[in-house]
Structure formats: structure tokens, C-alpha cells
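Reading through the C-alpha cells given below for one structure.
The values are calculated or read from the model by the stated rules, or taken from the named source; none is laboratory data. Remember, it's a predicted structure, so these values are computed and weren't measured experimentally. Here the Cβ positions follow ideal geometry from the backbone for every residue, glycine too, while neighbour counts run over all protein chains shown.
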Amino acid sequence: MSVWASTNYAPLIEDIEQRLDKTAELYQQQHADEARRTVQMAYFEVFENLEGPIRINISARKSYRDGERIRRDPSNDWREKTAR
């Protein structure tokens, strides 16, 4: 079992892709204001809410890997420091 909870970002990514496709379509139809609103909503309604969890998961993975690297380093005396 993985240490990390599986997070399914696919529906959110698909939502963003659909909104960006709609934005391109609107822009090609010369509906610049509506295209701008659509892309802004893709950011504010979807991506901005996705950004935090992704950052947290990436940060947690990096911290875990760094901790593992430190614990496995034979020249590191972390056991002595934590035993006090």
C-alpha cells in the first residue's frame, strides 16, 4: 500500500480542458469578453482550488523522501540526536 492517498485529479483536469476548449471556441467566434470570463472562471473556480492540494501532496512527498534519505545516510547521527 502506498504511503500517499491516491488523489484523482482527472475530473478537475478534464473540467479545465473543457473550459479552455470553450474559451478558444469563443475567441475564434470573436466573443473576446465571454472568452475572457470563461478562462477566468476556469482559473478561479477550478484550478485555484486544485493548486493547494497538489502543492501539499508534492511538499509532503518531498519531505518524506528527504527524511528517508537522511535516515538511510550511515554518516548521519540522527539516531543519537533523537535518543536524547
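The table that follows gives values for the structure above.
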| item | result |
| --- | --- |
| Where Gln28 falls short, out of the listed (1) at pLDDT 70 or above; (2) of a type outside the set (Val, Ile, Thr); (3) surrounded by 10 or more Cβ atoms within 10 Å (Cβ to Cβ) | (3) |
| Close pairs (7 angstrom Cβ cut-off, 6 or more residues apart or separate chains): free of Cβ contacts under 8 Å to residues at least 60 places away in the same chain and at positive phi in segment 20-32, surrounded by fewer than 14 Cβ atoms within 10 Å (Cβ to Cβ) and not β-branched (Val, Ile, Thr) anywhere | none |
| Residue within segment 38-58 that is modelled with pLDDT of 90 or more and exposed (fewer than 10 other Cβ atoms within 10 Å of the Cβ) present | no |
| Single unsatisfied condition, Ser63 versus (1) exposed (fewer than 11 other Cβ atoms within 10 Å of the Cβ); (2) modelled with pLDDT of 70 or more; (3) outside any loop (DSSP other than H, G, I, E, B); (4) among the small types (Gly, Ala, Ser) | (2) |
